[in-house]
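S.K.: So that we are looking at the same thing, I have put the structure below in structure tokens.
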Amino acid sequence: MKGLDLFQSKNLDANEFCRVLLHFLGSGSYKDGNVVYSSKQAPEKKIEIQLTKADRIYSITVDSGFPKHELAGAIAKVKTALIDDQRSITGRIVAFCEYPISGYFKGDFFQILPMPQGAPTYPRAPYPFLLEFTYCYSKDWIVNDLRRRATAKKLSALLSVFTGAKIMSSSEIAKYGWYTIYNDNSRPMPHFGELGYFFIDMPNEEVFSDTSKLKRLRVLNTQRSSGQLGLAIPQDLNGLMNKAQNLENPKHNQFHNACLLTSFALENTDISRSIEYLALICAIESLISFTDKCTECDQYKGATKQFKQFVNRYSTDADTKQSAAKFYDQRSKISHGSQLMGSDIEPDFLNWKPSIEEQKDVLHRTLVMVKKCLTGWLKEQ
């Protein structure tokens with residue numbers, strides 16, 4: 001039907017396209033690579049979207065007799081959300097860092113800022129700060145917000161890898177759980193409520209915030225960039241961020257997936273150190289081109305050897321190079337269920353045990369190795 005070819009010729013993001021149709025039509029289903037939507041007025045009439053393995057729109061089929069006014073509305077909705085007025089604006093979120101942030105840093109497409117005066121803070125990590133960035137605007141508030149948050153998540157992961165600090169973007173989605181407050185007699189009182197950080201007076205301009213009255217963050221030319229004095233910026237941070245942003249696929253997706261896995265590892269430290277360790281090793285595996293697959297077990301041949309070669313190529317630490325095979329062996333033990341990290345089995349609090357302390361040291365060394373390897377790989381591209 002006339003108008004639908006516009007969607008394919010514009011090479012739209014299939015996920016956004018399907019989401020906009022779902023929001024407009026109200027219901028949909030997914031099966032075997034096809035997304036099917038029903039008419040609100042005539043539920044037996046369908047729109048079927050066939051997707052490629054790369055999540056691109058392959059074909060769009062509309063049943064004969066699909067209500068014309070509904071189809072016209074869907075076309076107009078997609079055009080408004082994904083085609084009209086697609087411009088670059090500045091977005092921002094509250095992010096968190098394990099080190100305090102008292103100054104600013106301006107890159108080509110992002111900016112790090114301390115929280116505005118009056119924002120809630122606490123003298124312990126995680127420390128809130130503002131992360132500003134450019135992203136592609138949409139008139140549709142759902143698509144626009146998803147783009148903003150997806151950009152923030154990617155940038156937070158990149159910053160976490162490049163600065164050597166644990167940086168997390170806030171979910172901005174309501175989460176609920178039990179927490180403890182203390183009454184006047186210092187007695188703990190359990191409460192159930194919403195968890196999260198919300199600051200009403202967030203800047204909402206579509207341009208970067210003014211930094212003329214702020215001091216710049218420390219810029220260092222060493223690998224160890226952050227510590228007790230707060231977050232510091234590697235000298236080549238802006239260049240690394242630009243290089244990561246400008247990678248072409250499949251390397252772009254590979255590298256951003258590796259950074260996101262590193263970020264997931266840091267976010268899951270308090271949940272499971274086994275999951276944290278697997279995510280860190282998977283971050284490196286994301287950048288290795290495994291090719292030779294066993295026809296019987298469907299596993300890649302020589303995976304340990306290729307992992308060791310990758311670490312030896314990009315790590316600068318001699319001890320890490322020697323331990324690369326052991327790191328990968330530990331990954332295999334966890335993924336096959338033969339050995340979990342000790343703190344996932346026994347209580348970690350007040351439980352000092354040599355084997356658990358050794359595993360914590362291995363995790364720390366693995367994290368350092370991953371960040372160095374990811375940065376080294378990117379610089380070579």
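S.K.: With the structure loaded, tell me whether Leu131 is surrounded by 20 or more Cβ atoms within 10 Å (Cβ to Cβ), within 18 Å of the chain's Cα centre (by Cα) and either closer than 30 Å to Thr366 by Cβ or modelled with pLDDT of 90 or more (or both) or whether it fails that test.
M.R.: So Leu131 fits the description; yes.
S.K.: Which of the residues that make up region 234-292 are in contact (Cβ under 8 Å) with a residue 40 or more places away in the chain, part of a loop (DSSP other than H, G, I, E, B) and either of a type in the set (Phe, Trp, Tyr) or closer than 26 Å to Lys106 by Cα (or both)?
M.R.: Selection gives Leu247 alone.
S.K.: Which fully enclosed strands (runs of 3 or more DSSP E) of region 1-114 have 1 or more residues being charged (D, E, K, R)?
M.R.: 28-31, 46-51, 88-97
S.K.: From the list Phe109, Phe24, Phe17, which one is surrounded by 14 or more Cβ atoms within 10 Å (Cβ to Cβ), touching a Lys or Arg at 6+ places or on another chain (Cβ under 9 Å), of a type outside the set (Val, Ile, Thr) and touching a residue at least 12 places away in the same chain (Cβ under 8 Å)?
M.R.: From the options Phe109, Phe24, Phe17, the qualifying one is Phe24.
S.K.: With respect to Asn257, determine if the residue is over 30 Å from Ile345 (Cβ atoms) and modelled with pLDDT of 85 or more.
M.R.: no
S.K.: Suppose we filter region 195-209 for residues that are over 19 Å from Tyr127 (Cα atoms) and surrounded by 10 or more Cβ atoms within 10 Å (Cβ to Cβ); how many remain?
M.R.: Residues that pass the stated criteria total 5.
S.K.: Condition first: aliphatic (A, V, I, L, M) and either under 17 Å from Leu22 (Cβ atoms) or touching a residue at least 60 places away in the same chain (Cβ under 8 Å) (or both). Now tell me which residues in region 35-71 satisfy that.
M.R.: Selection gives Val35, Val36, Ile47, Ile49, Leu51, Ile57, Ile60, Val62, Leu71.
S.K.: I'd like to know if region 27-42 contains one or more residues that are of a type in the set (S, T, N, Q), touching a Pro at 6+ places or on another chain (Cβ under 9 Å) and buried (at least 19 other Cβ atoms within 10 Å of the Cβ).
M.R.: Yes - at least one qualifying residue is present in region 27-42.
S.K.: Name the one entry in Ala95, Ala72, Ala81 that is among the aliphatic types (A, V, I, L, M), over 22 Å from the mean Cα position of the chain (by Cα) and closer than 30 Å to Glu206 by Cα.
M.R.: Within the list Ala95, Ala72, Ala81, the selection yields Ala81.
S.K.: Which of the residues belonging to region 121-175 are touching a residue at least 24 places away in the same chain (Cβ under 8 Å), β-branched (Val, Ile, Thr) and not in a strand (DSSP E or B)?
M.R.: Answer for region 121-175, where residues must be touching a residue at least 24 places away in the same chain (Cβ under 8 Å), β-branched (Val, Ile, Thr) and not in a strand (DSSP E or B): Ile142, Val143, Thr151, Val161, Thr163.
S.K.: What is the one condition in (1) buried (at least 17 other Cβ atoms within 10 Å of the Cβ); (2) farther than 22 Å from Gln245 by Cα; (3) not hydrophobic (A, V, I, L, M, F, W, C) that Thr121 does not satisfy?
M.R.: Thr121 satisfies all of (1) buried (at least 17 other Cβ atoms within 10 Å of the Cβ); (2) farther than 22 Å from Gln245 by Cα; (3) not hydrophobic (A, V, I, L, M, F, W, C) except (1).
The values are calculated or read from the model by the stated rules, or taken from the named source; none is laboratory data. Fair warning: this is a prediction, and the values are worked out from it, not measured in the lab. Glycine also receives a Cβ, built like all others from the backbone with ideal geometry; neighbour counts cover every protein chain displayed.
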